[in-house]
Amino acid sequence: MKDGHTKNAIGNLVERIADQLKMFLQLNHLKFTGRTAIIVSSLITMLIVGIFFCLALLFLATGAVFWLGDWFGSRLNVFLIGIGIFIIGGVLFFLMRKKWIKEPFRDSMIRKMYEQKNQNI
């Protein structure tokens, strides 16, 4: 009789451990999903803001080129100067991409991943 009771107790213990493990895995899956959703939404937001910023910069540069072209009397020369400025800016941006984009972006994602504010997911 004692042997059957011990087997039953061990079986119950194994079931409880399995249930706890399943719950732990489900909780971590939900936390990971919530954090991933926060990161992806931040990425999409940054992408949309970046696109609008680039469009605004493009329209501003085009307007400035037309205005300066009328002022100097030669739009072609001003367009060439504008293209040169954009090329120099692009090369500078490319050379500094790790410091200006990669590191701050990586740090931001790590901060969001370990953010304690939204733990109740």
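Nothing in this text is a laboratory measurement; each read-out follows from the coordinates by a stated rule. Please read all numbers here as calculations on a predicted model, not as lab measurements. In this analysis, Cβ positions are derived from the backbone assuming ideal geometry, glycine residues included, and neighbour counts consider all displayed protein chains.
Restricting attention to the stretch 25-35, does a residue exist that is touching a helix residue (DSSP H, G or I) at 6+ places or on another chain (Cβ under 7 Å) and either under 30 Å from Ser108 (Cα atoms) or of a type in the set (Ser, Thr, Tyr) (or both)? Within the stretch 25-35 (the criterion being touching a helix residue (DSSP H, G or I) at 6+ places or on another chain (Cβ under 7 Å) and either under 30 Å from Ser108 (Cα atoms) or of a type in the set (Ser, Thr, Tyr) (or both)), the answer is yes, since at least one residue qualifies. Of the numbered criteria (1) farther than 17 Å from Met46 by Cβ; (2) not in a helix (DSSP H, G or I); (3) not aromatic (Phe, Trp, Tyr), the one Glu115 fails is (1). Within the stretch 63-109, the set of residues being within 30 Å of Thr36 (Cα to Cα) and outside any helix (DSSP H, G or I) comprises Met96 only.
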